[in-house]
Amino acid sequence: MNPPVEIVVISQEASALCRKITADLPEYFGIPEANEHYAIGVLSRVNFAAKIGNDVVGLISIDFPYPHNANIYWMGILKRYHRQGVGKMLLSQALEYASTHGAATITVETLAPAECDENYLKTYQFYYNNGFQPLFNLKPSGYEWNMVYMCRPNLATHLSLNHNLNIRDFHETDIDLLVSSFARHQWDKPKATFEAYFQEQQAGQRQVWLALVKDELAGYVTLNWQSSYGPFAAQKIPEIMDLNVLPPFRKLGIGTALIDRAEQYAAKISPLIGIGVGLYDGYGDAQKLYVQRGYIPDGSGPTYQYVKLDYSQSVLVDDDLVMWFTKRVGS
């Protein structure tokens, strides 16, 4: 009978273990400079090792880039111990530790499936099978390969996070916070956009709310009282626009909380609320969310740049190709 796997915390020993595992897996770790970078980097992270008897066979190293996000900095297991559940036990320990330290999400970066590397396809599948969802591909400076950024909600902290969630009105002093918070996630949000939103809010044309978790920006939504979509404008139906939740806070109910606030506010003035949703697969989650919340197509068909399309008309499939939905929120 094989001895059980034991997960232990290590510190200075992590560097030597990282080098040992790297040398055992050249098909995964083939860049000496990068390997040495990680061997040094684990010394400033939180490290868990897997032991079987007297043998130390695996390592996971995590850090906390943001207060509510844990990140897997490095993970590896000696080749002869693959497919024995060691990786899952290391990951479980990391998730438990992240939960006790308030992380609502845990992220990881690995080689993108599009690169078709046989070994890293197994790595990608491991994370996917353990609840990580791909968010986007990226190519770090100096790399010739595409990487995929993946995220998993840490459900143990979901309830705690929402107890600390604050939905509040947008103020002029929030403009720099919005720009800098999205920029940290390589998400370009021009300052002029939020300056225009503030002016429109002051003029009574738009209402904007921010979602904050312990004073950290998680997302925002706007409610436009003067929609550019003709049928909404004619019926004075307010339109939910520009709902955005930052990656570490997704799949935690924050988008739902923002929509709830917009719907409750709109119900004081209008019996209906509307929204436009893109038609390509990047909007798939949004399409499902709004249908689940009771939004139905308004019956006018899709538009392109707010103009109704004629039968057999060809248009570019991009963010301007939109289907319009409404929901009854008031009497």
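All of the numbers you see were taken from the coordinates with simple rules; none came from a lab. These figures come from a predicted structure and were not determined experimentally. Neighbour counts run over all protein chains shown; Cβ positions are idealised from the backbone, glycine included.
Details
- With 0.36 nm allotted per residue and the present C-alpha distance subtracted, the THR193-LYS79 stretch has 35.9 nm of extension available.
- Length added when fully stretched, SER11-HIS171, from 0.36 nm per residue minus Cα-Cα: 53.1 nm
- Among beta bridges identified by DSSP and lying wholly in the range 5-159, the antiparallel ones come to about 90 percent.
- Rounded FRET efficiency, nearest 0.05, which uses the C-beta distance separating LYS88 from SER228 and R0 of 56 Å: 0.65
- Cα gyration tensor shape for the range 1-68, rounded if a/c is under 1.5, else prolate or oblate: oblate
- Stretchable slack from LEU43 to LEU138, in nm (0.36 nm times residue separation minus alpha-carbon distance): 31.6 nm
- The residues packed around ASN146, meaning those with a beta-carbon under 15 Å from its beta-carbon, carry a net charge of -3 if Lys and Arg are +1 and Asp and Glu are -1.
- A protection proxy built from the mean count of other Cβ atoms within 10 Å ranks the segments 71-82, 17-28, most packed first, as 71-82, 17-28.
- Prolate/oblate/rounded label for the range 230-331 (Cα gyration tensor, a/c 1.5): oblate
- Mean-position separation - Cα centroids, the range 219-237 and the range 292-331, in angstrom: 13 Å
- Share of alpha-carbon pairs per 10 Å distance bin for the range 164-328, given as whole %: 10, 37, 38, 14, 1, 0
- Degrees separating the helix 118-129 axis from the principal Cα axis of the chain, which is the longest one: 60 degrees
- Anisotropy class of the range 5-159 from Cα gyration tensor, a/c 1.5 cut: rounded
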